1. Just grab the label-to-label distance for R111 and I429, each label 7 Å out from Cα along the Cβ direction, in nm (one decimal).
2. Where does each of D68, D151 land when they are ranked from fewest to most other beta-carbon atoms within 10 angstrom?
3. Find the centroid of the Cα atoms in the stretch 141-192 and in the stretch 6-46, then give the distance between the two in whole Å.
4. Between (1) 88, 50, 37; (2) 84, 55, 50; (3) 73, 65, 41, which matches Cα extents along the principal axes in Å calculated for the structure shown?
5. Amide H to amide H, which residues 5 or more places from I96 or on other chains are under 5 Å from it, using H placed in the peptide plane?
6. For a quick check: sort S284, S294 by the number of other beta carbons within 10 angstrom, fewest at the front.
7. Restricting the count to DSSP beta bridges whose residues both fall in the chain, what percent are antiparallel, rounded to a multiple of 5?
8. What list of ³J(HN,Hα) values in whole Hz, one per residue of the stretch 291-298 in order, does the Karplus curve 6.51 cos²θ - 1.76 cosθ + 1.60 (θ = phi - 60°) give from phi, with Gly and Pro shown as x?
Amino acid sequence: MLFTSIAKQLARVSSKLEKLVCESIKKSPDIATKARGEQWATLIQQPLSEMQRADPPKILVIILDALDECDSDNDMKGVVALLAEARATSPIKVRIVVTSRPETSIRLGFRKMPAILHRDLILDDRPRDEVDTDICLFYYDQISEIKDQQDWLAEEWPSIDAINQLVELAAGLFIFAATLCRFIAENEATECLSRTLASVSRSARLPRVQADDKDGIAIRHLDGMYVEILARSLTGREKIAEALRDTLGAIAVLQGPLSAISLASLMSYKGPEAVYQQLDRLCSVVRISREPDSPIRLLHDSFREFLVDSRRCTISELAVNKGSSHLHIFRQCLRTMNATLRRDVCGLQHPGTMTDNLDRKKVEECLLPHVQYACRYWVEHLRRCAFAAEEAARRAAIEVHEFLELHLLHWLEAMGLIARVDEMVESVIQLEVWLSVAGVGGEHSPRPRKR
């Protein structure tokens, strides 16, 4: 969705760009299903190359925030490589601002560019007092908005001492400040702020989980706030703890984001309302939208890291075991595929139909997003499962054999229909490796059976 989102924003820059983007989409109406490079060329490179120097804007700035939250290292490297092409894309000047944690794939991607193409700005190297000043200004701006929403708050709330304490607790982390402000805005501000400050202070007195003092302090403060947010989400509804843990665990380990409708279908919930109900008190850490196709995402990777670390997530009812969550999603993927896949699932009646000639809308209707997710990622979830005993791994291998005996050809067909043949090949290789390690490969491998 990255380049389609950028294209949408470009269309708002000027009427000329809007016309050019729309023309590109008309020429390739299924561009949203194409590969990343083709989307870049069609939706961004081509419209910009047709702009005239006199057309506004003279300088175009594109901002990509949190590039490190891409689904995989290959996605990150691929995006960085395409960004380098922007230099020769357009007669107008294009400037691209990328924010990211210094992941290896991103650093290496930029390192291969000529120095004139990019400039690094390492925020960790900025003096701490400058960062604290920025965080202080951010607090004042956000608190002003909170006061507009909760107009009963006193003019002098919060005190200057409280603001200074909040800046100190943030320990240079903007994610702490942003999450805290969202949390306060969702609740009664004075009580919420007092409880959060108390929780964070208690957390700060716990033994360090990081060797580095600076990082350890910041993480403890962040953990304290996350603990308070989770505790508040369960207040008065402790009965949903298990379901909420399963949902948070799924979101934490999913290999690609799903909408509430798709997540509910994958998890065998009665409907998306179950997801909304579980997550409605967690909007400060989870991005949730009532739009049918809008994906649910954790707002920051630090919350995922917190959830899956039992030393940090001290609310045991909601602590996520990654291996168990992967196992649960793996089984839900198998259930989904067993219930959906069949011969000629899209009713094409012509086995030799080329993918370029497919009716993409029909494919989307026959293979819903949660089914496509199951087809793409069930092997990856299997590889990441944690089994309590060898027998449990063997049971999972038997489930795989039973699925393949009935649906191997159907799965291959589905992966072709959604244009993921390259992923299918890699999945088959990884599956063979896993089965061999599990001790059930070789002569015991399944043979496809007609159905």
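Please treat every number below as a calculation from the coordinates, not as lab data. Not measured: the values here are computed from a predicted model. Note that we place each Cβ from the backbone using ideal geometry, even for glycine, and neighbour counts take in every protein chain shown.
1. 2.4
2. Details: D68 15, D151 6.
By the 10 Å Cβ count, ascending, the order reads D151, D68.
3. The two parts, judged by their Cα centres, are 40 Å apart.
4. (3)
5. Result for I96 returns I62.
6. On the way: S284 22, S294 14.
Least crowded to most crowded, the residues run S294, S284.
7. In the chain, DSSP labels about 35 percent of beta bridges as antiparallel.
8. 5, x, 9, 6, x, 8, 9, 6
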